[in-house]
Amino acid sequence: MLITVLNLSGSSSIAQVNSNSISDSIPLEQLSGYKQILYYSSGHKDRALSIADFMENAGIYFQNEIGFTPKTTLFVLAPEHWATYAAKSLKEVYGFPHNLDNENLIIAAENNDFWKSFLPPVDQLSAEIAIQVKLAYGQSDGSYSMQPFFDLLALHEMGHSYTSQAGLEMNRYWMAELFVNIMLHTYVAEKQPELLPALEAFPNMVLKAGTADYQYTSLEDFEKLYPTLGMGTKNYGWYQCKLHSAAKDIYNAGGSIVLKKLWTALKNHQESMTDSDFVGMLEREVHISVANVYLNWNNH
Ligand SMILES: [Zn+2]
């Protein structure tokens, strides 16, 4: 989950932070040898390296696919450093990954209550989902951690820097979030399919549990509430799970070419569009599976 509190053309509505001043202000370690800048709280070098490698390899893939690489700075933070860097509205929500200002990406280094809040007791899950959750998030000591899923979201957050820095017009908040989930799913499926269980089990689990716990489930409400995270962090997580699942369906229906076509369409269409114009364009110029996210939102 991730908020990128962006406006639709991608500029920040929550914070304008200079990356030099931000990184000077606290005692973080820096990784060298990577295309992007990465800082981490001391004691978390292995995590930082693993996330850095993942993002570096994804960056190579996307450069080949869409011909663009943004400039980003990633912060992998321990709880004691979170509030110094996190967006104002998320200082109290350790673990909520976000893209601060189209350049600075904030993610947590440690398991935390926010991640745990999404995981019910595993013995209460259906057998099918319990197997997926154990495989993806089970630890050697018998506990569970959603870290394998949330680590992947660094790439979701980096995706927002691709679209904003390249000047894509996302048109709708749901598209801004769907697009970066398509990036993440496409990269994992194409190049690191061993990570698919970690990427898919969490959304499967949340969606299988139904919508009774969530006040907001419509796309209209998502558009209305997104700028202020007015649906709350948990309900926002549900929307993200829908959009991760949609990204999976799109990749499975159309393959990796959909990402390239969608990138081109959103770069070319800078005009604002009605819902029906937008969805018609997606169907004609990209793939029916992308239009179906809007058309079939309430049907599954
Ligand atoms: Zn996002």
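Quick notes
- Cβ-Cβ under 8 Å pairs, at least 6 apart or on other chains, segment 114-129 side under 15 Å from SER143 (Cβ atoms) and open to solvent by less than 20 Å² (accessible area, probe 1.4 Å), far side in a loop (DSSP other than H, G, I, E, B) and among the small types (Gly, Ala, Ser): TRP115/GLY95; TRP115/SER145
- Among helices (runs of 4 or more DSSP H) entirely within segment 218-277, having at least 3 residues that are closer than 23 Å to VAL93 by Cβ singles out 219-225, 233-254.
Results for (1) within 29 Å of GLU110 (Cβ to Cβ); (2) crowded, with 22+ Cβ neighbours inside 10 Å; (3) within 16 Å of the ligand (Cβ to nearest atom), shown as yes or no for each residue.
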| position | (1), (2), (3) |
| --- | --- |
| ILE131 | yes, no, no |
| GLN147 | yes, no, no |
| GLU177 | yes, yes, yes |
| ASN181 | yes, yes, yes |
| HIS185 | yes, yes, yes |
| GLU194 | yes, no, no |
| PHE202 | yes, yes, yes |
| ALA212 | no, no, no |
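- Test result for TYR162, touching a strand residue (DSSP E or B) at 6+ places or on another chain (Cβ under 8 Å), at pLDDT 95 or above, of a type in the set (Phe, Trp, Tyr) and open to solvent by less than 10 Å² (accessible area, probe 1.4 Å): no
- GLU190 vs. criteria over 17 Å from the mean Cα position of the chain (by Cα) and in a helix (DSSP H, G or I): yes
- Within segment 79-92, residues that are among the polar types (S, T, N, Q) have Cβ atoms under 6 Å from residues that are surrounded by 13 or more Cβ atoms within 10 Å (Cβ to Cβ) in these pairs: THR84/ILE26, counting only partners at least 6 apart in sequence or on another chain.
- Considering the conditions (1) on the phi > 0 side of the Ramachandran plot; (2) within 15 Å of the ligand (Cβ to nearest atom), GLY142 is excluded by exactly one of them, (2).
- Test: ILE37 is modelled with pLDDT of 95 or more and either open to solvent by 50 Å² or more (accessible area, probe 1.4 Å) or within 16 Å of the ligand (Cβ to nearest atom) (or both): yes
- All conditions but one from (1) open to solvent by less than 50 Å² (accessible area, probe 1.4 Å); (2) more than 18 Å from the chain's Cα centre (by Cα); (3) among the hydrophobic types (A, V, I, L, M, F, W, C) apply to LEU152; the one that does not is (2).
- When restricted to residues that are in a loop (DSSP other than H, G, I, E, B) and open to solvent by 20 Å² or more (accessible area, probe 1.4 Å), segment 70-88 contains 1.
The values are calculated or read from the model by the stated rules, or taken from the named source; none is laboratory data. Computed from a predicted structure; not experimentally measured. Glycine also receives a Cβ, built like all others from the backbone with ideal geometry; neighbour counts cover every protein chain displayed. In case anyone asks, the SASA skips ligands and DNA or RNA and just uses the protein heavy atoms, side chains included. Shrake-Rupley method; radii C 1.70, N 1.55, O 1.52, S 1.80 Å.
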